[in-house]
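For reference, the structure discussed in these notes is given below.
The values are calculated or read from the model by the stated rules, or taken from the named source; none is laboratory data. Just so we're clear, the structure is a prediction, and the values are computed from it rather than from any experiment. With ideal geometry, Cβ positions are generated from the backbone for all residues, glycine too; neighbour counts draw on all protein chains shown. Surface accessibility is based on the protein's heavy atoms, side chains included, excluding ligands, DNA and RNA. Shrake-Rupley method; radii C 1.70, N 1.55, O 1.52, S 1.80 Å.
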Amino acid sequence: MADITLEQQTEANQQYLSFVMAGEEYGLDILSVQEIRGWEATTVLPNAPVYVKGVINLRGTIVPIIDLRQKFGIKTLEYGATTVVIVVKVALEQSQKVIGIVVDAVSDVFSIDQDEIRQAPDFGAETDLKFIKGLANVQDKMVILLEINRLLGSDMLPDPATLSNILNSLDLPQAASA
C-alpha cells in the first residue's frame, strides 16, 4: 500500500481502505488508518462490552481492540488466516485515540469522488446510521463508507492512561505484547 499525502487526497477525490465483513464491503478514509496487523491474542478487560476483545501493547501504546462484527450486531465467526486488525486514529474533541478494529479481511484501496457518494437511506429515529458517511458503487459492488470518528470517537472507551491503570491493576500476564 503506497503512502498517501494530504496533497494527493483532495476534498473531491478521497481514498478508502476497503474491508469485508459478512460478505459486505466497507470503506475507511485511508488517512485514518495507521496500520494493518494480523490477529493476535489480546489481554481481556473485565466488565468491558462484549465487542471489546481486549487490549494489545503496540510499541508502548495500549490499544483497545473492537470486533466490528459484534459492534454491528453481525453473527460472529472464528478468527482465521485472513482476519486482520485495522489500527485507526480516531479524532476526539481535544485529542486522538488509537483503536484496533477486527474485520474479516482487507480488500483494496479505492479512490472515490465525493459526488459518487450517496447518502445512506433513512430508517427512522430508532436506527442510528450517523457513522455511515455514505454508499458508493465501486467496480460493480456497493461499498459502505464509514465515518470512523463518529463510529468510535465517542467516550465509549477509556483513555489510554486509564486503560494502562486497569491493566496494571490486573493480575494477568501481559500476553498481548507486540
Scanning segment 65-109 residue by residue, the ones that are open to solvent by 10 Å² or more (accessible area, probe 1.4 Å) and assigned to a strand (DSSP E or B) total 11
Note on segment 39-64: residues touching a residue at least 40 places away in the same chain (Cβ under 8 Å), closer than 25 Å to Phe131 by Cα and either touching a His at 6+ places or on another chain (Cβ under 6 Å) or open to solvent by 40 Å² or more (accessible area, probe 1.4 Å) (or both) are Trp39, Pro49, Lys53
Does Asn47 fit the bill of being over 20 Å from Ala81 (Cα atoms) and not in a loop (DSSP other than H, G, I, E, B)?
no
Requested in this report: Could you tell me whether any residue of segment 102-122 is under 18 Å from Thr61 (Cα atoms) and modelled with pLDDT of 90 or more?
Outcome: yes
Here the residues within segment 132-144 that are open to solvent by less than 40 Å² (accessible area, probe 1.4 Å) and at negative phi are Ile132, Leu135, Ala136, Val138, Val143, Ile144
